[in-house]
Amino acid sequence: MSDVYVIGVSCTPFGKQADKTFKDLTRDAFMALLADTGADVAHQIQQAWFGNCGMGTFGQRNIRGQVCFTPLVREGIFPERVPLINVEGGCATASMAFHGAYKDILSGECDLSLAMGVEKTFFPGDPERTMEIFQGGIDQLDPHEWEAYYRKAGEQSGKPFVTNSGGGTLFMDTYAMQAAYHMKTFGTTRAQIAYASSKNHAMGALNPNAQYRFTVTPEEVLNDREISWPLTRAMCSPVGDGAAAALLCSERFLRDLPQRVQERAIAVSASVLTGGKYRDLAEPGLSHVAAKKAYAKAGLKPSDIDIAEVHDATSFCEIYQAEMLGFCEVGQGGAYVASGATSLGGDLPINLSGGLVSKGHPVGATGLSMIYELVTQLRGEAGSRQSEGAHIALAENGGGVIGFDEAACSITILQRKN
């Protein structure tokens, strides 16, 4: 088994970019990746993994990555004859691409492998196309199963299941029910959720790639338009476009690279994927299972983590994931986040990128944007949002839903070795 290192990362600005095509975003992410790597290694890429969810709405239902890389191959920027595997796992798509590249290196099959996620979810004047992408993240073959599950969960949580009541997606309604259940069971408050939102918008304001670069107070969060009680618009991730990428290599490959590249390389201590199920509301979520596996694989425990990026499709998720990842006791996530523990300078900073609610959430690129942020932090290159002394970082990324579980969940642990 080979040690695995990230030697290059990139992330395009996230936002509503109607003028950008999938091929444009692919080019932008790949060129930025080569620039970040700082070594002439593109011609040595042996394998590529391409993540995307929504290109089928444009009619490109197959060979998505091959199509997007064709101009780069033609121009000699990307090597010819490289096998490229297309992956899709809802919002966890880019993490699946990363996991594929990780296994390439770990197994010894490759010395240099590429992971990329590219997405467009904004269609001016055509919101139905956006909804089509998101609807793919839940069972469309037997919808009666999740409808019955959510009706029962609505009774338990005290929030009846009503879809798209405030103009959001079905997923905002499921998150809202989970938040309502947490509030009913543990006393979590809307003010604590609003604090998480305000904190992450403040960090997004410092991130040049973020979709939303403005601050909001907790009071403004609470007074924003309701999407699905207890969630307001400021607590929910926006629709947007973007791409992100990572280049992974083996230790033997790294040894032959320039010293500057070696110094900026970040080790992958664990990459774990797990699958969801219809669980009881009181049962720990899928990320808890994935995190336990990742900690065991890396030989670490929650208290060893210095910084994290979690999948806050809504601001309640940061509260919940702090519990599931073992950063605080179950039921104490609201108080933990509101204490400032997850803020810049806190005990365990979370979502210093701005999180999904501020940085943005172009579905198929999100997981790799988390890797980009954490690698940047571990290198000490995050500027005004830099967390000092960070050596070990964790990314949690979930995709699709099966009941209140994610359909797929990824935990990645990264470590600075020097």
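The values are calculated or read from the model by the stated rules, or taken from the named source; none is laboratory data. As the structure is a computational prediction, the values presented were derived from the model and not from experiment. We place every Cβ from the backbone using ideal geometry, glycine too, and count neighbours over all the protein chains shown. Note: areas computed on protein heavy atoms with side chains; ligands, DNA, RNA excluded. Shrake-Rupley method; radii C 1.70, N 1.55, O 1.52, S 1.80 Å.
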### Query
Cα centroid distance between segment 132-153 and segment 264-288, in Å?
21 Å
#### Entry: Within the chain, percent of DSSP bridges classed antiparallel, to nearest 5
75 percent
### Query
Among L281, H391, N52, whose Cα lies farthest out toward the positive end of the dipole of the chain, if unit charges sit on the beta carbon of Lys, Arg (+1) and Asp, Glu (-1)?
H391
### Query
Which label belongs to the value computed from this structure, given these candidates for Cα Rg over 2.2 N^0.38 Å: (i) 1.06; (ii) 0.92; (iii) 1.00?
(ii)
### Message
Need one value: the accessible area of E406 in square angstrom, 1.4 angstrom probe, rounded to the nearest 10.
### Response
30 Å²
### Query
How would K184, K20, K199 line up by accessible area, probe 1.4 Å, largest first?
K184, K20, K199
### Task
Note down the net charge around A294, summing +1 for each Lys or Arg and -1 for each Asp or Glu among other residues with Cβ under 12 Å from its Cβ.
+2
### Task
Compute the distance in nm between two label points, each set 7 Å from the Cα along the Cα-to-Cβ direction, one at V162 and one at M131.
1.7 nm
### Message
Quick check on the chain: helices-only [θ] at 222 nm, where DSSP H runs of length 4 and up contribute -39,500 (n - 2.57) each and the sum goes over total residues. Nearest 500, please.
### Response
-11500 deg cm²/dmol
### Query
Placing +1 at every Lys and Arg Cβ and -1 at every Asp and Glu Cβ, with all other atoms neutral, what dipole size does segment 49-204 have around its Cα centre, in debye to the nearest 20?
480 debye
### Task
In Å and from the alpha-carbon atoms only, list the Rg and Dmax of segment 220-352.
18.0, 56
### Query
So which aspartates and glutamates can K23 reach, going by Cα to Cα under 14 Å and dropping same-chain residues fewer than 8 places off?
E75, E119, D241
#### Entry: Pairs from K20/K103; K120/K359; K297/K417; K199/K359; K103/K297 whose Cα-Cα separation, in the structure shown, is over 22 Å
K20/K103
### Task
Using Cα positions and a limit of under 19 Å, work out the lysines in reach of K277, with same-chain residues fewer than 8 apart set aside.
K152, K292, K293
## Note on the structure
Here the convex hull volume per residue of segment 128-207, taken over Cα atoms and given in Å³, is 120 Å³
### Query
If you rank L356, L106 by how much accessible surface each has, with a 1.4 Å probe, what is the order from largest down?
L106, L356
### Query
Between E155 and E80, 0.36 nm times their residue separation minus their Cα-Cα distance comes to what?
21.4 nm
### Query
So how do T232, T189 rank on accessible area, 1.4 Å probe, biggest first, that is with the largest at the start?
T189, T232
### Summary
Expected sort for 174-181, 363-370 on mean C-beta neighbours within 10 Å, highest first, is 363-370, 174-181
## Note on the structure
Note to self: C-alpha centroids of segment 384-400 and segment 325-366 sit apart, in Å, by 9 Å
### Message
So if I place +1 on the C-beta of Lys and Arg and -1 on the C-beta of Asp and Glu, and nothing else carries charge, what would the dipole magnitude of the chain be about its Cα centre? I want it in debye, nearest 20.
### Response
280 debye
### Summary
The simple spin-label model distance between D139 and T70, using points 7 Å out along Cα→Cβ, in nm, is 3.8 nm
### Message
Straight-line reach from K159: which lysines fall under 18 Å, measuring Cα to Cα and dropping same-chain residues less than 8 apart?
### Response
K184
### Task
Using a 10 Å cut-off on Cβ atoms, rank the peptides 140-151, 272-283 from the highest mean neighbour count down.
272-283, 140-151
## Note on the structure
With label points set 7 Å from each Cα along the Cα-to-Cβ direction at E220 and Q60, the distance between them in nm comes to 3.7 nm
### Task
Determine the relative contact order of segment 297-345: mean sequence separation of Cα pairs under 8 Å and six or more apart, normalised by residue count, in whole percent.
24 percent
### Message
Which residue, L231, A338, N351, has the largest displacement toward the positive end of the dipole of the chain when charges sit on each Cβ (Lys, Arg +1; Asp, Glu -1)?
### Response
N351
